[in-house]
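Visitor: Pasting a structure below so you can have a look.
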Amino acid sequence: MRKLIGRLFGLSAIAGLLTFALITPVAAVAGYASSAGIVAFEGLPEYIKPVNASQTSTLYANQDGKPVALASFYHENRISVDYDQMSPNMINAVVATEDPRFFQHGGVDILALIRATLGVATSGLSGPGGSTITMQYVKNTLVEAANIEGDEAGIALATETTIERKIREIRLAIALESVSTKQEILAGYLNLAFFGNRINGIEAASNYYFGVKAKDLSVPQAAMLTAMLRAPNAYKPDVAENLPIAKTRRDYVINNMRDEGYITAAEAETYKAEPVVPNINETKTGCEANQATAYFCDYVVWVVRNSEEFGPTLEDREVLLRRGGLEIYSTMDLELQNTTDEVVKAELPVDNRWALGAASVSVEVGTGRVLSMSQNRIFDQEVDDDPATTSVNYSTDKAYGGSSGFQTGSTYKIFVLAEWLSKGFLLGDQVDARDRVWKVEDFSAKCGGIAGDWDPNNFGNTQFEYLSALSATIQSVNTAYATMASFLDLCDIRDRAAAFGVKRADGNELLYVQASVLGTNELSPLTMAAAMSGFANDGIYCSPIAIDRVVVRSTGLEMKVPTTECNRAVTSEVAAAASYAFQLVVSGGTGSASRTPDRVPLAGKTGSTDRFLHTWMTGYSSKVATATWVGNVSGAQNVGGVSIDGTPGGILRHEIWRQIMTVANELYPGEAFPSPPSMYLGASTVVMPDVNALPPEIALEILRDAGLAAQISASQVLSSNPPGTVAAADHATGAQLPRGTLVTISLSRGGTVAVPDVAGLSIADATARLLSYGFSAVSAPQPSQGQYFVHSSTVPDGMVVGTNPPAGSSADALGAVLLIISKGP
């Protein structure tokens, strides 16, 4: 009895406070609504205001000019729908069970409130609730807002069992009813409601539990979902152990619908006789939902995370993506994407026994729009030891969910050639391609120091002599490109690459050591595809973008998105000249295996690293640029030493690139590239310097600095120059020579020589022999010079009997020798 009296006194206090709240004059309520109610909601983020709670974001691709949904992102699985997209069965079930007078009261049902209070006071148990649907919605919205902000205190305030909280809900409910319709409130309530399994909202719940839309729910289905509102995880029908109590609660809802006149008694009995039969429609969400587009999808997610357009902090951007109800329209061309994914995984299966990786990216020329991106792995964000699965995107930089990149090998030569042409050198210039050990002093690097000798060699240790820069590009000759780099500055080559958007995938600075010109920097396929598109775009590089536009579903307003940034990387003339060389790479050089069966003009460059650990094919049409990588994710397998269904490993990059570009050419027909100015196809001229009498090492350096190739003759010559110095060259000082012309210098062996014995030879034979010894002149005496005609018993008349200087004596090699002629006996 004492407990009952205590409860009744408590009830009096509660009733008094509630009555005070409810009898406040309408004007005061209206004033409070504007100051406490509406202001409270206006202070919430746009995407969780009443009737517009946290919503799923959707990613779209392009197919035939139309958007196609690819993936959904959410913190809570929610698909918000309007009131008219909800089944009347669901509306009736909820109202009959949760708030029978919902359409009559103004936000608070005083009768239900008093009944609930009396039940608590008299029984000490929690009987039927006194909160209306509007009050429940207010509470759920406040909890949602606090949860999004990570406000633990706010969550506690919205859920604490206190009179103050209840009064706050009452007043906010009245305020909300003054600015919203019943239909808006009920729709908001059902869109926000939790249905277990991270499922929020009636549409997502209908899809998951019964495989139907909310507008198509039957009475038993609607009753089951309404039953879950009281205790979602206890009554969810996808757990077999829950089914008995779930049916009991469902039948309770059906009885409520009968009692409120929504269905007849006979219908109620029929519905209750039906078992609870869920039709679970469980699908993966996020990027994992569609493996063909998963890695492109993941790149878009990272673009959102890294872009200030979507919020000032990473946390803000993540919340927006998973709660903001965004319609994200990506740049993906779904047909090209599907082709890329199919080809990559067909040519190098995900379960290949070497665990080799492959990735390919295509970018639209002139816009930076990424059209496709895939790799031979299954996208899975769970950490495990299965080499066939990974969340690492091989196509992108580490800051965008990617790897630390892969060495590009000779593909990097495109930037050396761009710098070569930009500095005034030409495609026809001859280049010394002989093997040599390069000293550190052979190179310049104005931005910092370099160290160490460098001994580059060619694929297969192939030996070359001299060839043009064009031939060196077509055949990808490392030793020739080492020479080309020696005429340039290594820092300028690095900066030229940076002008094409090149940066290391790991975020560190680009290397500019000697070997970097042959591709030792680790880059991503996306970086290389975008760089290649710069050559196709008249020398203008445009940064890659993955999002065309973003629309906030609830408002229809477009958000600002990251846009491409373009800059001129080289002149249009240089771009045309480089493209001319790269076209020959594809038509008849190292990239010929990548030729497509159509007649679309293509240009490109191959690349491979030492021991064939990484292989590349990068190239472009006038419309699309594609970069394909095949290599080691980890380990040191020689790619050229494997075979996939008869295809040599070294050919895989070409097979992938060719098939992708064949489809790209159909979707984006390419045109002829601009013709390069004729001057770039020839060779520049240089002046032959004076190297006479110089030491050979200095002479070689002077000739090389002048842009000429040089070699030393194996035979030394007689000369008045000091022995070992340059005695002669096969081109005259001051002559105009094509750059790279090979100059042969001969060294002096000194100024004197022993006169050979030519007695008994004819005048002609003696003359030839003496000249062969290096004497500059040999002459026979005139008839007036009688002293040089002598009798001889051994040498016939007219033959040479001696010389002046005499045989065996030392004579000046540049001097003349006079023959002495026999007059006979």
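Visitor: Kindly provide the pair-distance distribution of the stretch 756-822 built from C-alpha pairs, with 5 Å bins from 0 and whole-percent values in order of increasing distance.
Guide: 4, 20, 32, 25, 14, 5, 0
Visitor: Using the basic label-point model (7 angstrom from Cα toward the beta carbon), what is the Lys272 to Asp812 distance in nanometres?
Guide: Result for the modelled spin labels: 13.7 nm.
Visitor: Given an 8 Å cut-off on Cα distances and at least 6 residues of separation, report the relative contact order of the stretch 659-794 as a percent.
Guide: Taking the mean separation of contacting Cα pairs over the length of the stretch 659-794, I get 21 percent.
Visitor: Here's something else I'd like to know. Starting from the stretch 315-423, pick out the trypsin sites (Lys or Arg not before Pro) whose DSSP state is loop and whose Cβ has at most 15 other Cβ atoms within 10 Å.
Guide: Counting only loop positions with at most 15 other Cβ atoms within 10 Å, the trypsin sites (Lys or Arg not before Pro) in the stretch 315-423 are Arg353, Lys423.
Visitor: OK, next. List the GluC sites (Glu not before Pro) in the stretch 293-384 that DSSP assigns to loop (not H, G, I, E or B) and whose Cβ has at most 12 other Cβ atoms within 10 Å. Which are they? List each step's numbers first, then the result.
Guide: On the way: sites: Glu308, Glu309, Glu315, Glu318, Glu327, Glu335, Glu342, Glu347, Glu364, Glu382; in loops: Glu382.
Listed in order of number, the matching sites are Glu382.
Visitor: Okay, next question. Which value results when the Cα radius of gyration for the stretch 709-788 is divided by 2.2 N^0.38 Å? Before the final figure, lay out the partial values.
Guide: Numbers: Rg = 17.4 Å, N = 80, 2.2 N^0.38 = 11.6 Å.
Compactness ratio reported: 1.50.
Visitor: Provide the per-residue ³J(HN,Hα) series for the stretch 341-355, in order, calculated from phi with Karplus coefficients 6.51, -1.76, 1.60 and θ = phi - 60°, each as a whole number of Hz, with x at glycine and proline positions.
Guide: 5, 5, 5, 4, 6, 7, 6, 9, x, 4, 9, 4, 5, 9, 6
Visitor: Using only Cα atoms, find the angle between the long axis of helix 219-228 and the longest principal axis of the chain, and express it within 0 to 90 degrees, rounded to the nearest 10.
Guide: For 219-228 against the chain, the angle is about 80 degrees.
Visitor: Given contacts defined as C-alpha pairs under 8 Å and at least six residues apart, what's the relative contact order of the chain, whole-number percent? Can you show the working numbers first?
Guide: Values: 1742 pairs, mean separation 79.2, N = 825.
Once divided by the residue count of the chain, the mean separation gives 10 percent.
Visitor: Which part of the stretch 743-764 falls in the paramagnetic zone of Ser713, meaning amide N under 15 Å from the point 7 Å along Cα-to-beta-carbon?
Guide: Only 743-751 pass the distance filter.
Visitor: How long is the gain from Leu667 to Asp455 if the chain were fully straight, where each residue apart is worth 0.36 nm and the alpha carbon distance is subtracted?
Guide: Stretched fully, the Leu667-Asp455 segment lengthens by 71.8 nm.
Visitor: Please compute the length gained on full extension between Asp386 and Asp259, using 0.36 nm multiplied by the number of residues separating them and subtracting their Cα-Cα distance.
Guide: On the way: separation 127, 0.36 × 127 = 45.72 nm, distance 5.77 nm.
Residue separation times 0.36 nm, minus the Cα-Cα distance, leaves 40.0 nm.
Visitor: If you roll a 1.4 Å probe over the heavy atoms of the protein chains, what accessible area per residue do you get for the stretch 75-273, in Å²?
Guide: 42 Å²
Visitor: Are there any GluC sites (Glu not before Pro) in the stretch 219-304 that are in a DSSP loop and have at most 13 other Cβ atoms within 10 Å? List them by number.
Guide: Of the GluC sites (Glu not before Pro), the ones in loops of the stretch 219-304 whose Cβ has at most 13 other Cβ atoms within 10 Å are Glu282.
Visitor: Moving to a separate point now. In nm, what is the difference between 0.36 nm times the number of residues separating Leu771 and Asn306 and their Cα-Cα distance?
Guide: Contour length minus the Cα-Cα distance gives 159.3 nm.
Visitor: Moving to a separate point now. Please work out the average accessible area per residue across the stretch 495-634, using the 1.4 Å probe convention, and give it in Å².
Guide: About 35 Å² of surface per residue is accessible.
Visitor: From the helices alone, meaning DSSP H stretches of at least four residues, give me the mean residue ellipticity at 222 nm for the chain, per-run term -39500 (n - 2.57), in deg cm²/dmol to the nearest 500. Write down the numbers at each step before the final one.
Guide: Numbers: 26 runs with 295 residues, N = 825.
That calculation yields -11000 deg cm²/dmol at 222 nm.
Visitor: If I compute solvent accessible area with a 1.4 Å probe over the protein chains, what percent of it on the chain is carbon and sulfur?
Guide: Heavy-atom surface of the chain belonging to carbon and sulfur, 1.4 Å probe: 53 percent.
Visitor: What FRET efficiency comes out for Ala728 versus Glu465 if R0 is 25 angstrom and r is the Cβ-Cβ distance? Round to the nearest 0.05.
Guide: About 0.70, to the nearest 0.05.
Visitor: Follow-up question, since we're still on this one. Please list, in order along the stretch 199-213, the HN-Hα scalar couplings obtained from phi with the Karplus expression 6.51 cos²θ - 1.76 cosθ + 1.60 (θ = phi - 60°), rounded to whole Hz, x for Gly and Pro.
Guide: 9, 10, x, 5, 5, 5, 5, 4, 4, 6, 7, 10, x, 10, 7
Visitor: In percent, how large is the relative contact order of the stretch 578-720, given Cα pairs closer than 8 Å and 6 or more residues apart?
Guide: About 19 percent, as a whole number.
Visitor: Also, quick follow-up: Please state, as a whole number in µm²/s, the translational diffusion coefficient that the Stokes-Einstein equation yields for the stretch 684-750 at 10 °C and 1.306 mPa s, with Rh defined as the Kirkwood radius across alpha carbon pairs.
Guide: The Stokes-Einstein estimate is 137 µm²/s.
Visitor: Take the cross-link list Lys215/Lys560; Lys413/Lys446; Lys139/Lys182; Lys139/Lys236 and give me the ones stretching past 28 Å between alpha-carbons.
Guide: Lys215/Lys560
Visitor: A further question follows. Per residue of the stretch 763-773, what does 6.51 cos²θ - 1.76 cosθ + 1.60 with θ = phi - 60° give for ³J(HN,Hα)? Whole Hz please, x for Gly and Pro, Karplus curve as stated.
Guide: 4, 5, 5, 5, 4, 5, 5, 5, 5, 5, 7
Visitor: Tell me the per residue accessible area of the stretch 739-825 using a 1.4 Å probe; a whole number in Å² is fine.
Guide: For the stretch 739-825, the solvent-accessible area averages 49 Å² per residue.
The values are calculated or read from the model by the stated rules, or taken from the named source; none is laboratory data. The shown structure was predicted, so the numbers you read here are calculated from the model rather than taken from an experiment. Every residue, glycine among them, receives a Cβ derived from its backbone with ideal geometry; neighbour counts consider all protein chains shown. Areas reflect the complete protein model, heavy atoms only, side chains present, ligands, DNA and RNA absent. Shrake-Rupley method; radii C 1.70, N 1.55, O 1.52, S 1.80 Å.
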